[in-house]
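The values are calculated or read from the model by the stated rules, or taken from the named source; none is laboratory data. Model, not experiment: these values are computed from the prediction. Neighbour counts are summed over all protein chains in view; Cβ atoms, including those assigned to glycine, are modelled from backbone coordinates with ideal geometry.
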Amino acid sequence: MLSGPPWAPFLNIVLLLLAAPPLRYAARHSESLCLFPERWQGSWFQSGVRQPITIMLNRFSTKGRCIASKDDDKFLIMKESGNCYRCLSIHQVHENVLQYKETYCSNVDTLALCSQITGDALLYSMFRLNAVPLPCPFSGYHTFFYNRGHGDCNTLASTMEPCTQDSRLLLRYQACPDVSGSESAVEELQCLATWKEGSSRYLVGKIEHGHATSNEDRYRCFVYDRSPSPSVSGGNAREDEGVAYRVAQSGDATCNGLFSPTEGSRTMTLYRAASPSRCKFPSWMATHGHWHTLDYRRTYSLRHRNTTLRIADSEGREETRVQCSEVRGPLVGSASIGENVQIVGHYTIGCQSGYACMVFYKRDQHVIEVQSGTFTRRFEEACSKSNFDKNRAPYVTLVTSHPDQKKCPHTGRFVVSGLFKRRREERAAPQTDSSANSAVQGAGSDVTDAEEGLRMIEGCPLELVSLLVGCDAGDTMEFRSHCGNTVTSIVSAYTCHAGWSENGTHYLITTPLSRSSLGAKRYCFIYTSSMTIGGDPMLPGSTNGMLTGATVRFSTSSDTCSRTLMPGTTGVLAFNITSKGSCTEISNKSAISAGTSTTLITITVIVYYFAQFR
């Protein structure tokens, strides 16, 4: 066992002596090791103090060092420079708010100094920096009238709207032409603390608006109460319906002068307002409560009896909330096969809200898609041609956690005969997406080295990789390598799920059977075909085949079944494969020999393959 230097014990003694107060104070005060409560420690904002205030152990950065305390709220502070002592009476009204009163600087160095704090001494408020916000006391939609000291602005009702986070509210102030000081403005309120004193309730929040440039502009204190609205009578109303809140706001970043909800720099009267009209999303969406994008970066969940769609990221943080406002029935002129319904949705993203036109498509019991248009503040404009174009609006493909397995389309054996590799700089080039302002979007596709997953397989080029569809199992597609004299091995395999056709293009949802935990959860195979033998052999479960000379062009995507990909033209990898017949016609050995080919069907495949997405 290693021992420290011989002087180590003496160093510890020196450090203790330096941390302790002078002996004359230690002898006088039994609380010689005065420490502020651990829950107070951190950085705080106080109006009028330029630098953040730090409380750490026995240090109060702007006051000095604590040398004695009593009753858990009174602290004798010695200033580091000079013979100056203060008594601070500190109360924590909320974990994010400290309030204190203090004495003037004195040469009295005992706790008796605290008796000089009077009831009418100035109360200082400190707000914790980087505080964790909390749910606001006003939930839902409200209308309100306000007064800034020049009369009530009640000609037009101002509005308060909820944000996706329940700790935020959006206030839209209307201007009244006959009231001085009223103006149109939009403010975002983040709630940080609430507490009660007597019959009054207090709220501390941060307000973001166009003129806020510092914490002095952002922090505000509120006092409020609530009483039944005079417009509501009878006992059948819900508890929150018609409730009026009276609110007074401070004029600066303090809580000074706030004694009543009717007196303040700005006073408001809030009335409960009706939420946007609600309808229900399609019943076939409610069969499964949760839907995921192919890469699982976003989850769509139905709430409130199928009236609200909550969109969250992979960590469960809510990004978007969509309320069904009106069902308009099937989309007129849709080329998609299967059920679809057009809906006007009221969306909320952060604190921004408005309306968007949305179309939901049922592809299978476990697969749906959604198109959405651009945002608008006006309900009646949501589905106008300028805000929703079904030919340009993007599709987001959604699947359940456990989709059904189905027979893969177009069974047989194929061998790779050529390779085209798109250059990385082409893939990474920015692309214009006219639908960037859509209300509901899927996750973007990041370009990473993992995209090269099929380029080389243990040193074996793609020209020596074959494709088997529905051979070992009817619901499985396999890429196999045949490099040199090595034993044939499976490169990657996919289970087939739902499929559908649209304007001659086919879409197939698959699951990779061998993938890392960071790999893609689902893939969409997008392909076109020609010269088939009756029916549609491209859909899962089909038994029809292809005529000689038929060409199939593939692209794959790991985020959505994109309509912007051109099968056989765009993608990360492209290669030709030659058909070697059905699964039962040719042995494994003959399947990898191009010289024994009896059917020459050239199929161009572009695989937009992410071995490890993200």
query: Name the residues in region 85-114 that are aromatic (Phe, Trp, Tyr) and touching a Phe, Trp or Tyr at 6+ places or on another chain (Cβ under 6 Å), would you?
result: Tyr100
- request: Return a yes/no flag: does region 100-113 have any residue that is in contact (Cβ under 8 Å) with a residue 24 or more places away in the chain, surrounded by fewer than 17 Cβ atoms within 10 Å (Cβ to Cβ) and among the hydrophobic types (A, V, I, L, M, F, W, C).
  value: yes
- request: Residue by residue through region 96-133, note down the ones that are more than 20 Å from Asp71 (Cβ to Cβ) and among the acidic types (Asp, Glu).
  value: Asp120
message: Looking at Asp178 and the list (1) assigned to a loop (DSSP other than H, G, I, E, B); (2) assigned by TED's automatic domain parsing to the domain that holds Thr254; (3) buried (at least 17 other Cβ atoms within 10 Å of the Cβ), which single condition is not satisfied?
response: (3)
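Table: residues versus (1) in contact (Cβ under 8 Å) with a residue 60 or more places away in the chain; (2) within 24 Å of the chain's Cα centre (by Cα); (3) surrounded by 14 or more Cβ atoms within 10 Å (Cβ to Cβ); (4) within 22 Å of Gln99 (Cβ to Cβ).
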site: Ile117; (1), (2), (3), (4): no, no, yes, yes
site: Asp120; (1), (2), (3), (4): no, no, no, yes
site: Phe138; (1), (2), (3), (4): yes, yes, yes, no
site: Gly149; (1), (2), (3), (4): yes, no, no, no
site: Cys153; (1), (2), (3), (4): no, no, yes, no
site: Pro162; (1), (2), (3), (4): yes, yes, yes, no
Qualifying positions in region 50-97 - touching a Pro at 6+ places or on another chain (Cβ under 9 Å) and of a type in the set (Ser, Thr, Tyr): Ser61
Every residue from region 187-198 that is out of contact with any Asp or Glu (no Cβ under 7 Å at 6 or more places or on another chain) and either in contact (Cβ under 8 Å) with a residue 24 or more places away in the chain or not in a strand (DSSP E or B) (or both): Leu189, Gln190, Cys191, Leu192, Ala193, Thr194, Trp195, Glu197, Gly198
- prompt: Restricted to region 382-404, and to residues that are among the polar types (S, T, N, Q) and closer than 22 Å to Gly499 by Cα, which residue is surrounded by the fewest Cβ atoms within 10 Å (Cβ to Cβ)?
  reply: Asn391
field: Close pairs (6 angstrom Cβ cut-off, 6 or more residues apart or separate chains): closer than 9 Å to Asp475 by Cβ in region 491-502, among the hydrophobic types (A, V, I, L, M, F, W, C) and part of a strand (DSSP E or B) anywhere
entry: His497/Ile509
- line: Checked against (1) out of contact with any Ser or Thr (no Cβ under 6 Å at 6 or more places or on another chain); (2) in contact (Cβ under 8 Å) with a residue 24 or more places away in the chain, Glu380 satisfies every condition except (2)
Pair list, Cβ under 7 Å, 6 or more apart: region 513-527 residue modelled with pLDDT under 70 and crowded, with 24+ Cβ neighbours inside 10 Å, other residue small (Gly, Ala, Ser) and outside any loop (DSSP other than H, G, I, E, B): none
query: Could we say that Ser214 is surrounded by 15 or more Cβ atoms within 10 Å (Cβ to Cβ) and among the hydroxyl-bearing types (Ser, Thr, Tyr) here?
result: no
- request: Scan region 24-75 for residues that are hydroxyl-bearing (Ser, Thr, Tyr) and either touching a Cys at 6+ places or on another chain (Cβ under 7 Å) or at pLDDT below 95 (or both) and jot them down.
  value: Tyr25, Ser30, Ser32, Ser61, Thr62, Ser69
- prompt: Does Glu183 satisfy being touching a Gly at 6+ places or on another chain (Cβ under 9 Å) and either within 18 Å of Gly264 (Cβ to Cβ) or not in a loop (DSSP other than H, G, I, E, B) (or both)?
  reply: no
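Conditions tested, residue by residue: (1) within 28 Å of Thr269 (Cα to Cα); (2) of a type in the set (A, V, I, L, M, F, W, C); (3) out of contact with any helix residue (DSSP H, G or I) (no Cβ under 7 Å at 6 or more places or on another chain); (4) in a strand (DSSP E or B).
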| site | (1), (2), (3), (4) |
| --- | --- |
| Gln92 | no, no, no, yes |
| Asp120 | no, no, yes, no |
| Tyr146 | yes, no, yes, yes |
| Ala157 | yes, yes, yes, yes |
message: Would you confirm whether or not region 329-348 contains a residue that is over 26 Å from Tyr507 (Cβ atoms), surrounded by fewer than 20 Cβ atoms within 10 Å (Cβ to Cβ) and without any contact (Cβ under 8 Å) to a residue 40 or more places away in the chain?
response: no
query: Given the conditions (1) closer than 18 Å to Phe45 by Cα; (2) buried (at least 16 other Cβ atoms within 10 Å of the Cβ), which single one is not true for Arg86?
result: (1)
